[in-house]
Amino acid sequence: MAAWRRGVALRLCATVVLLDMAFCKGFVEDLDESFKDSRKDDIWLVDFYAPWCGHCKKLEPIWNEVGLEMKSIGSPVKVGKMDATSYSSIASEFGVRGYPTIKLLKGDLAYNYRGPRTKNDIIEFAHRVSGALIRPLPSQQMFEHVQKRHRVFFVYIGGESPLKEKYIDAASELIVYTYFFSASEEVVPEYVTLKEMPAVLVFKDETYFVYDGKLVAIAVIDEKNTSTEHTRLKSIIQEVARDYRDQFHRDFQFGHMDGNDYINTLLMDELKVPTVVVLNTSNQQYFLLDRQITNAEDMVQFINNILDGTVEAQGGDSILQRLKRIVFDAKSTIVSIFKSSPLMGCFLFGLPLGVISIMCYGIYTADADGGYIEERYEVSRSEIESPEQIEESKAQQEPRTGDSPVPAVQEPKDVLEKKKD
């Protein structure tokens, strides 16, 4: 009897688990090829997976919980999943290179998620990226609330300015990592001292830093890569930032970045990871490694070489670099269009070229035909006028003596007969 009861209990538990899984799955949509045309009407959080992928199978129950949580709190973000092996063309359009890949799709923008694959972290990412790019902080109470919730965040203080435009551009690229806010000077805490306005503040670990165009040393790594080379470079940059703070804090800030997409856009080149790049945020110059970094001493020597001018600065904001930026942006746009939709790319660029070619051909042939007609017209006119007008011109050119015409010399009879014939 007891064994029978245990069996019934186990079956009931299994049934509850299956029902719970089915209930959670109901809030995650299975996406197909129609998603490409309908996605722009909503904000989507999508898991691109492969059926044979072990990491994808491990993520599946967590993803179902994400779908349930987003639905229960009334989030505008829809949660879906797509088999990237069955719909490979759509997956490649969104730049899917590995499995699983989590992306938030918002209009024409696609944001990659690179954080831990936990329910809370994924939901936090969805809330941050799906909302406003720059969130206003209207009161000190709201500022304190944000400071308690977020370990790192940025705040722009002031009105409209070129600095704000750069702030918005940076936020559009880095919103996947942290929050960006705007506030008036009255809202920030009293311990914050601002020498000039407008200003950008970075709040971290209950303190703040004022953006002032310092050099930024960034370790560019792949967070998913657990090899010694990647983890060592990250620990070295952290060690230098901590142990050499008094020596470099006036000129340098330190950090690390997952992936090289953003850096490649700034440098207009493909940067190989892992590596370290130093950015001059005031004039868009950058410095690349001149040595292999194996420890903190190597990094310190590299920084000192930058300060004494030994390492050559690249990039900048000269006219040549600006022209190069225009060409790079145009090339990137064209390449992305052809990668995402080759037929659309052929249509957008082939149709105008075809129309221009036809117009040029039409103009050329029209000019050639016009010259031919004009020439034929002149020849025909001369042919028509020659038999009658030549005789008339000869008569007009005959010499006259006073009023009496000079008698014409009579031609021989045999000549006249030939003309008559």
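The values are calculated or read from the model by the stated rules, or taken from the named source; none is laboratory data. From a predicted model like this one, the values you see are computed outputs, not experimental measurements. Glycine gets a Cβ as well: all are built from the backbone with ideal geometry, and neighbour counts include every protein chain shown. Protein only, heavy atoms only, side chains kept; ligands, DNA and RNA dropped before computing areas. Shrake-Rupley method; radii C 1.70, N 1.55, O 1.52, S 1.80 Å.
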In the range 164-198, anything open to solvent by 90 Å² or more (accessible area, probe 1.4 Å) and within 24 Å of the chain's Cα centre (by Cα) is listed as Glu165, Lys166, Asp169, Tyr177
Within the range 326-356, restricting to residues that are of a type outside the set (A, V, I, L, M) and open to solvent by 70 Å² or more (accessible area, probe 1.4 Å), the one that is modelled with the lowest pLDDT is Lys339
If you go through Tyr99, Tyr87, Tyr177, the only one that is over 24 Å from Phe35 (Cβ atoms) and of a type in the set (Phe, Trp, Tyr) is Tyr177
Selection over the range 236-283 where residues are over 25 Å from Asp317 (Cβ atoms), of a type in the set (Val, Ile, Thr) and touching a residue at least 60 places away in the same chain (Cβ under 8 Å) yields a count of 3
Residues of the range 75-131 being aromatic (Phe, Trp, Tyr) and open to solvent by 10 Å² or more (accessible area, probe 1.4 Å), in sequence order, are Tyr87, Phe94, Tyr99, Tyr111, Tyr113
The residue that is modelled with the highest pLDDT, considering only those in the range 159-191 that are polar (S, T, N, Q) and either touching a Cys at 6+ places or on another chain (Cβ under 8 Å) or not in a helix (DSSP H, G or I) (or both), is Ser182
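Just checking, which of Val216, Val278 is closer than 23 Å to Leu174 by Cβ, surrounded by fewer than 19 Cβ atoms within 10 Å (Cβ to Cβ), touching a Leu at 6+ places or on another chain (Cβ under 6 Å) and not small (Gly, Ala, Ser)?
Result of the check over Val216, Val278: Val216.
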Scanning the range 38-67 for residues that are among the small types (Gly, Ala, Ser), over 22 Å from Glu124 (Cβ atoms) and in a helix (DSSP H, G or I), the one farthest from the chain's Cα centre (by Cα) turns out to be Gly54
Considering the range 19-37, residues that are modelled with pLDDT of 90 or more and outside any loop (DSSP other than H, G, I, E, B), and then whichever is surrounded by the fewest Cβ atoms within 10 Å (Cβ to Cβ), we arrive at Asp30
Of the residues in the range 147-163, those that are crowded, with 17+ Cβ neighbours inside 10 Å and either more than 14 Å from Tyr211 (Cα to Cα) or not hydrophobic (A, V, I, L, M, F, W, C) (or both) come to Tyr156, Gly158
